Amino acid sequence: MNRVWCIKASHPELRQTLAKSLGISPITAQLLINRGINDEMQAHHFLYGDLRSCHDPFLLKDIDKSIARIKRAIKEKENILVYGDYDVDGITGVALLNIVLTRLKANVTTYIPNRLEEGYGLNAGAVGLAHRKKISLIITVDCGISGHKEINLANKLGIDVIVTDHHEIKDTSLPKAYSIINPLQEACRYPFKHLSGVGLAYKLAQALLEGTRSSFAKASSFAKASGDKSEDKYSVEEHLDLVALGTVSDLSVQKGENRILTKWGLKKLNDTKKKGLTALIEVSGLKGKDISSRHIGYILGPRINAMGRIGSPEVALKLLLTDDRGEASRLAAILNSENRNRRKIEARVLDEAMEKVKREINFKDSRVIVLSSARWHAGVIGIVANRIIEKFYRPTIMIAIQGKIGKGSGRSIDNFHLFNAVNSCKSLLIDFGGHEGACGLSIEAKNIKKFTNDINKFARKEILDEDLYPRLDIDIEVELSELNEKLIEELELLSPFGPENPRPMFSSRDVYLKNEPRRIAKSGFKMWVTDDNVVCEAVSFRAEGMSMPYKGSKVNLVYSPSINTWRGLSSLQLDLKDLKTAL
């Protein structure tokens, strides 16, 4: 697939000013500018900001009301249920609140619905079960903002519901919950609108432990003044490992407060005291390694997600909560095994989906790819939708049909708001939710054809022809001779990387191949390249869509630079993203 190379505009004067004032390279300064950082104060906060610069949780609408209700429930020995979503974001959020509430001597239990049997969000069966178990307070994590009927039922049964949810609000009216913590709701003064589900759970726990707005202000100002790290005071910061795990896995934007929480959460994760996380790190082959957001996204997160997709998410929750080393090892092994099983199921569904695209999709008419089958496992269709996009670069919705009902999961491309598109077809849907880049839905099977037609009618007005070519956003064009180990170490100041703070992408023109490329892995290759000044290795592990160059050919490259260490020796390596023959 041809990708459009888009090199960001250069700002030489501002770049030099930032470089001089911060003592960094002009290249790093340009990368900061590319991320919307245009002055020294912003840049210093981005590079060196710590937890003291996070926002006051009491700025969240309804936080005071929520804290008062939880404290009353603890004091009066009420039964509290923490109810979360079945993905990593929800599971880590439930684990965090359970740990904190247990420490506060609350009578707390947890509930995570089964994806296949109960679907996403609050459900009436779980509310009824809570009533029978004499639960009088439900706290949701990463769900609930669209649970109007279920919350009405809870109210009738005498159960108060505190909603904590970061998803977009699809209705003009909010559910009639006891309180709602969602920075996207009107009149919420919280400055940062992109917290993950576990991020909001962290904020709720933080406010609960501090107790009042004034005590938070005093504690915060004292910490700023003294740098107090006293260990005799229990702090929710102990659980930033869970926050990093959930925030990265949920693909939340890595800017602002999310980036600070993830950055410090990774430090906690690399030194975690949680037996379950330690066992998961070991079984994943990461023991002794410096765990980054990339390791969460590709190794740790998928193992937890596998339980929510094809197994029981309760197993993953037990892993995060256990204090028993033996049980932790046993549960981690189950997650590892289920992840292998998930990959096999995913491969079969992907093969079938690719065949369906060939048979059923007319790309002249279909701006959005909608595929459905009764053979597909609902737990993997979101991942497969991503793979379809990698191949065809169109918004994709996969629907797994069970009986008369289809469960769908969608992923989008740049410049197309998938939630809005699905919302335009809501009269055909049983339920739906999501955001700009992804969605989930349920639909009667008989309505799938009309849904396909209607969403494509919407998309034909919104998606331009040029939107159907993937962009490769390049930070800066450099000579290979400008790259060195010191620069690459400096680039790590920009981490953790993720949405809206991607790993730096460079381009270099007119470099030559020193050797014939060598095939590696399934579809990758490695080669040595030079610009007559510097020789370095370029590697791609997934070279689909790239034409294979030959020895002596002149090419233009797009890559992320890194340092490769092998047997104690370090060398410059280019992680290749694309290449084109130089003219």
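Since every read-out is calculated from the coordinates, none of them should be taken as a lab result. Every value quoted in this text rests on a predicted model; they were computed, and no experiment measured them. Cβ placement follows ideal geometry from the backbone for every residue including glycine, while neighbour counts extend to all protein chains displayed.
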*So what is the relative contact order for the chain, in percent, with contacts set as C-alpha pairs under 8 Å and at least six apart?*
12 percent
*For the range 1-91, which GluC sites (Glu not before Pro) are both in a DSSP coil and crowded by at most 13 other Cβ atoms within 10 Å?*
76
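Restricting to DSSP H runs of at least four residues, report the calculated mean residue ellipticity at 222 nm for the chain, -39500 (n - 2.57) per run over all residues, nearest 500 deg cm²/dmol.
Values: 19 runs with 233 residues, N = 583.
Estimated from H runs of four or more residues: -12500 deg cm²/dmol.
Counting other Cβ atoms within 10 Å, which chymotrypsin sites (Phe, Trp or Tyr not before Pro) in the range 491-572 have at most 14 and lie in a DSSP loop?
Values: sites: 497, 506, 512, 525, 528, 541, 550, 559, 566; in loops: 497, 541, 550.
When the chymotrypsin sites (Phe, Trp or Tyr not before Pro) of the range 491-572 are filtered for loop state and at most 14 Cβ neighbours within 10 Å, 541, 550 remain.
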_Mean shadow area of the range 361-468 over all directions, Cα convex hull, nm²_ = 5.9 nm²
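What shape does the range 529-569 have by the C-alpha gyration tensor, where a ≥ b ≥ c are the square roots of the eigenvalues, rounded means a/c under 1.5, and otherwise prolate means a/b greater than b/c and oblate the rest?
Numbers: a/c = 2.13, a/b = 1.31, b/c = 1.63.
Judged from the Cα gyration tensor, the range 529-569 comes out oblate (a/c at least 1.5, b/c at or above a/b).
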*asked:* Charges at C-beta only: +1 for Lys and Arg, -1 for Asp and Glu. How large is the resulting dipole of the chain about its Cα centre, in Debye rounded to 20?
replied: 1620 debye
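Give me the Kirkwood hydrodynamic radius of the range 360-406 in Å, from all C-alpha pairs, to one decimal place? Each step should come with its number before you reach the end.
Numbers: mean 1/r = 0.0896 Å⁻¹.
Final number for the Kirkwood radius of the range 360-406 is 11.2 Å.
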*Over the Cα atoms of the range 53-224, compute the convex hull volume and normalise it per residue, giving Å³.*
108 Å³
*Which residues' amide hydrogens lie under 5 Å from the amide hydrogen of residue 372, considering only partners 5 or more residues apart or on another chain, with H built in the peptide plane?*
399
*When the Karplus curve 6.51 cos²θ - 1.76 cosθ + 1.60 is applied with θ = phi - 60°, which whole-Hz ³J(HN,Hα) does each residue of the range 421-436 get, with x for Gly and Pro?*
5, 5, 4, 5, 10, 4, 5, 8, 10, 7, 6, 6, x, x, 8, 4
*asked:* For the pairs 170/407; 193/407; 61/318; 522/580; 358/404, flag any whose C-alpha to C-alpha distance is greater than 23 Å.
replied: 193/407; 61/318; 358/404
*Given the pairs 263/486; 273/344; 255/289; 105/273, which span a C-alpha to C-alpha distance of over 23 angstrom in this model?*
273/344; 255/289
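What full-extension length gain, to one decimal in nm, is calculated for residue 492 and residue 118 as 0.36 nm per residue of separation minus the Cα-Cα distance? It would help to have the intermediate numbers written out before the result.
Numbers: separation 374, 0.36 × 374 = 134.64 nm, distance 4.22 nm.
Gain on stretching residue 492 to residue 118: 130.4 nm.
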*GluC sites (Glu not before Pro) within the range 440-544: which are DSSP loop residues with at most 11 other Cβ atoms inside 10 Å?*
544
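For the range 361-468, what relative contact order do you get, as a whole percent, if you take Cα pairs closer than 8 Å and at least 6 residues apart? Don't jump to the answer; show the numbers that get you there.
Details: 199 pairs, mean separation 26.6, N = 108.
Contact order relative to length: 25 percent.
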_Label corresponding to Cα extents along the principal axes in Å when calculated from the structure given, among (1) 76, 65, 48; (2) 106, 55, 41; (3) 128, 67, 42_ = (1)
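Please report the antiparallel percentage of the DSSP beta bridges confined to the chain, to the nearest 5. Don't jump to the answer; show the numbers that get you there.
Values: 48 of 80 bridges.
Expressed as a percentage, antiparallel bridges in the chain total about 60.
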*Specify, per residue and in Å³, the volume enclosed by the convex hull of the alpha carbon atoms belonging to the range 410-567.*
177 Å³
*asked:* Based on the alpha-carbon set only, what is the convex hull volume of the range 1-140 divided per residue, in Å³?
replied: 188 Å³
*How many angstrom separate the Cα center of the range 103-157 from the Cα center of the range 21-83?*
28 Å
*Rounded, prolate or oblate: which one fits the range 318-366, using the alpha carbon gyration tensor with axes a ≥ b ≥ c (rounded when a/c is under 1.5, else prolate when a/b beats b/c, else oblate)?*
prolate
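What does the charge dipole of the range 53-224 about its Cα centre add up to, to the nearest 20 debye, if the Cβ of each Lys and Arg holds +1 and the Cβ of each Asp and Glu holds -1? Each step should come with its number before you reach the end.
Numbers: 23 positive and 18 negative charges, 159 e Å.
In total the dipole reaches around 760 debye.
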*For the range 138-196, what Kirkwood radius comes out of the mean inverse Cα-Cα distance, in Å?*
11.7 Å
*Fully extended contour minus Cα-Cα distance, from residue 173 to residue 402, at 0.36 nm per residue*: 79.3 nm
